[in-house]
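Only one structure is covered here, and it is reproduced in the block below.
The values are calculated or read from the model by the stated rules, or taken from the named source; none is laboratory data. Everything numeric here is computed off the predicted structure, so don't read it as measured data. All Cβ positions, glycine included, derive from the backbone under ideal geometry; neighbour counts span all protein chains shown. When the accessible area is computed, the model is the full protein with side chains, heavy atoms only, and any ligands, DNA or RNA have been set aside. Shrake-Rupley method; radii C 1.70, N 1.55, O 1.52, S 1.80 Å.
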Amino acid sequence: QVQLVESGGGLVQAGGSLRLSCTASARTFSAYAMGWFRQAPGKEREFVGAISWSGGVTFYADSVKGRFTISRDNAKNTMYLQMNSLKPEDTAVYYCAASRSLAVVKTSPGGDYWGQGTQVTVSS
(Lines give C-alpha, C1' and ligand atoms only; values in the text may rest on other atoms or scores of the structure.)
Protein backbone atom coordinates (compact mmCIF):
# COMPACT_ATOMS: atom_id res chain seq x y z
CA GLN A 1 0.00 0.00 0.00
CA VAL A 2 0.94 3.62 -0.53
CA GLN A 3 -0.02 6.32 1.95
CA LEU A 4 -0.47 9.83 0.55
CA VAL A 5 -0.76 13.03 2.57
CA GLU A 6 -1.62 16.41 1.08
CA SER A 7 -0.75 19.71 2.70
CA GLY A 8 -0.55 23.39 1.88
CA GLY A 9 -4.20 24.23 1.37
CA GLY A 10 -5.73 27.37 2.77
CA LEU A 11 -7.53 30.61 2.05
CA VAL A 12 -6.16 32.95 -0.57
CA GLN A 13 -7.43 35.97 -2.47
CA ALA A 14 -8.19 35.80 -6.18
CA GLY A 15 -5.01 36.34 -8.14
CA GLY A 16 -2.88 34.91 -5.37
CA SER A 17 -0.73 31.81 -5.23
CA LEU A 18 -0.57 28.63 -3.22
CA ARG A 19 1.63 25.55 -3.29
CA LEU A 20 0.27 22.15 -2.40
CA SER A 21 2.42 19.20 -1.43
CA CYS A 22 1.75 15.49 -1.53
CA THR A 23 4.09 13.25 0.40
CA ALA A 24 4.05 9.52 -0.20
CA SER A 25 5.17 6.58 1.87
CA ALA A 26 6.61 4.40 -0.85
CA ARG A 27 9.88 2.56 -1.15
CA THR A 28 10.02 3.30 -4.86
CA PHE A 29 8.26 6.62 -5.31
CA SER A 30 9.61 6.95 -8.84
CA ALA A 31 7.69 3.81 -9.80
CA TYR A 32 4.44 5.77 -9.43
CA ALA A 33 2.93 8.27 -11.78
CA MET A 34 1.18 10.97 -9.78
CA GLY A 35 -1.85 13.14 -10.27
CA TRP A 36 -3.86 15.95 -8.76
CA PHE A 37 -7.65 15.99 -8.72
CA ARG A 38 -10.14 18.35 -7.14
CA GLN A 39 -13.75 18.28 -6.08
CA ALA A 40 -15.92 21.32 -5.50
CA PRO A 41 -19.18 21.17 -3.53
CA GLY A 42 -21.94 19.64 -5.61
CA LYS A 43 -19.61 18.65 -8.41
CA GLU A 44 -17.85 15.51 -9.56
CA ARG A 45 -14.17 15.02 -8.91
CA GLU A 46 -12.21 16.39 -11.83
CA PHE A 47 -8.73 15.93 -13.20
CA VAL A 48 -6.30 18.78 -12.58
CA GLY A 49 -2.92 17.50 -13.69
CA ALA A 50 -0.54 14.58 -13.75
CA ILE A 51 3.18 13.92 -13.88
CA SER A 52 5.12 10.96 -15.15
CA TRP A 53 7.34 8.68 -13.07
CA SER A 54 10.53 10.74 -13.34
CA GLY A 55 8.80 14.07 -13.89
CA GLY A 56 9.69 14.38 -17.55
CA VAL A 57 6.13 14.71 -18.83
CA THR A 58 3.22 16.66 -17.38
CA PHE A 59 -0.45 16.95 -18.29
CA TYR A 60 -2.95 19.61 -17.31
CA ALA A 61 -6.64 20.22 -17.54
CA ASP A 62 -7.46 23.10 -19.86
CA SER A 63 -8.97 25.01 -16.95
CA VAL A 64 -5.62 25.28 -15.15
CA LYS A 65 -3.15 25.23 -18.03
CA GLY A 66 -0.74 28.13 -17.83
CA ARG A 67 -1.58 28.81 -14.17
CA PHE A 68 -0.73 25.58 -12.37
CA THR A 69 2.56 23.70 -12.46
CA ILE A 70 3.14 20.13 -11.30
CA SER A 71 6.55 18.98 -10.18
CA ARG A 72 8.02 16.16 -8.14
CA ASP A 73 11.09 15.53 -6.06
CA ASN A 74 11.62 11.79 -5.95
CA ALA A 75 14.40 12.13 -3.38
CA LYS A 76 11.79 13.60 -1.00
CA ASN A 77 8.91 11.33 -2.06
CA THR A 78 6.94 14.48 -2.74
CA MET A 79 4.83 15.91 -5.54
CA TYR A 80 3.92 19.59 -5.71
CA LEU A 81 1.21 21.69 -7.28
CA GLN A 82 2.15 25.34 -7.68
CA MET A 83 -1.04 27.32 -8.22
CA ASN A 84 -0.80 30.87 -9.51
CA SER A 85 -3.40 33.40 -10.61
CA LEU A 86 -6.00 31.62 -8.53
CA LYS A 87 -9.66 32.12 -9.31
CA PRO A 88 -12.73 31.60 -7.13
CA GLU A 89 -13.67 28.66 -9.36
CA ASP A 90 -10.49 26.92 -8.21
CA THR A 91 -12.08 26.52 -4.79
CA ALA A 92 -12.24 22.80 -4.03
CA VAL A 93 -10.79 19.99 -2.02
CA TYR A 94 -7.60 18.95 -3.78
CA TYR A 95 -6.60 15.30 -3.77
CA CYS A 96 -3.32 13.61 -4.52
CA ALA A 97 -3.40 10.31 -6.41
CA ALA A 98 -0.86 7.68 -7.34
CA SER A 99 -0.72 4.77 -9.75
CA ARG A 100 1.89 2.72 -11.48
CA SER A 101 -0.03 3.62 -14.63
CA LEU A 102 0.22 7.15 -16.01
CA ALA A 103 -3.05 6.62 -17.86
CA VAL A 104 -4.88 6.16 -14.56
CA VAL A 105 -3.72 9.43 -13.00
CA LYS A 106 -4.31 11.62 -16.03
CA THR A 107 -8.03 10.89 -16.28
CA SER A 108 -11.04 11.10 -13.99
CA PRO A 109 -11.85 9.50 -11.65
CA GLY A 110 -8.21 8.37 -11.54
CA GLY A 111 -5.97 6.90 -8.91
CA ASP A 112 -5.18 3.60 -7.29
CA TYR A 113 -4.14 5.36 -4.07
CA TRP A 114 -5.57 8.58 -2.65
CA GLY A 115 -4.76 11.14 -0.04
CA GLN A 116 -7.32 12.63 2.34
CA GLY A 117 -7.50 15.95 0.52
CA THR A 118 -6.66 19.53 1.40
CA GLN A 119 -9.06 22.46 1.16
CA VAL A 120 -8.28 25.37 -1.13
CA THR A 121 -10.55 28.38 -0.87
CA VAL A 122 -10.16 31.36 -3.19
CA SER A 123 -12.05 34.50 -2.28
CA SER A 124 -13.22 36.99 -4.88
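Could you check R67 against (1) without any contact (Cβ under 8 Å) to a residue 40 or more places away in the chain; (2) under 17 Å from L102 (Cα atoms) and say which number it fails? Going through the list (1) without any contact (Cβ under 8 Å) to a residue 40 or more places away in the chain; (2) under 17 Å from L102 (Cα atoms), R67 breaks only (2). Candidates L86, L81: the one that is in contact (Cβ under 8 Å) with a residue 40 or more places away in the chain, open to solvent by less than 50 Å² (accessible area, probe 1.4 Å), out of contact with any helix residue (DSSP H, G or I) (no Cβ under 8 Å at 6 or more places or on another chain) and part of a loop (DSSP other than H, G, I, E, B) is L86.
Annotation: of all residues in segment 1-23 being closer than 24 Å to V105 by Cα and aliphatic (A, V, I, L, M), the one that is nearest to the chain's Cα centre (by Cα) is L20.
Among the residues of segment 29-47, those identified as under 15 Å from the mean Cα position of the chain (by Cα), among the small types (G, A, S) and either within 10 Å of Y95 (Cα to Cα) or part of a loop (DSSP other than H, G, I, E, B) (or both) are G35, A40. Looking only at segment 89-124, filter to residues that are of a type in the set (S, T, N, Q) and crowded, with 17+ Cβ neighbours inside 10 Å; which one of those is nearest to A50 (Cα to Cα)? Top of the filtered list is S99.
Whether a residue is at pLDDT below 95, more than 11 Å from the chain's Cα centre (by Cα) and under 16 Å from C96 (Cβ atoms) was assessed, and A26 passes this test. Scanning segment 52-78 for residues that are hydrophobic (A, V, I, L, M, F, W, C) and assigned to a loop (DSSP other than H, G, I, E, B) returns W53, V57, A61, V64.
Suppose we filter segment 26-49 for residues that are in contact with a strand residue (DSSP E or B) (Cβ under 9 Å, 6 or more places away or on another chain) and either open to solvent by 60 Å² or more (accessible area, probe 1.4 Å) or in contact (Cβ under 8 Å) with a residue 60 or more places away in the chain (or both); how many remain? Within segment 26-49, residues that are in contact with a strand residue (DSSP E or B) (Cβ under 9 Å, 6 or more places away or on another chain) and either open to solvent by 60 Å² or more (accessible area, probe 1.4 Å) or in contact (Cβ under 8 Å) with a residue 60 or more places away in the chain (or both) number 15.
The number of residues in segment 50-68 being surrounded by fewer than 17 Cβ atoms within 10 Å (Cβ to Cβ) and under 12 Å from the mean Cα position of the chain (by Cα) comes to 1.
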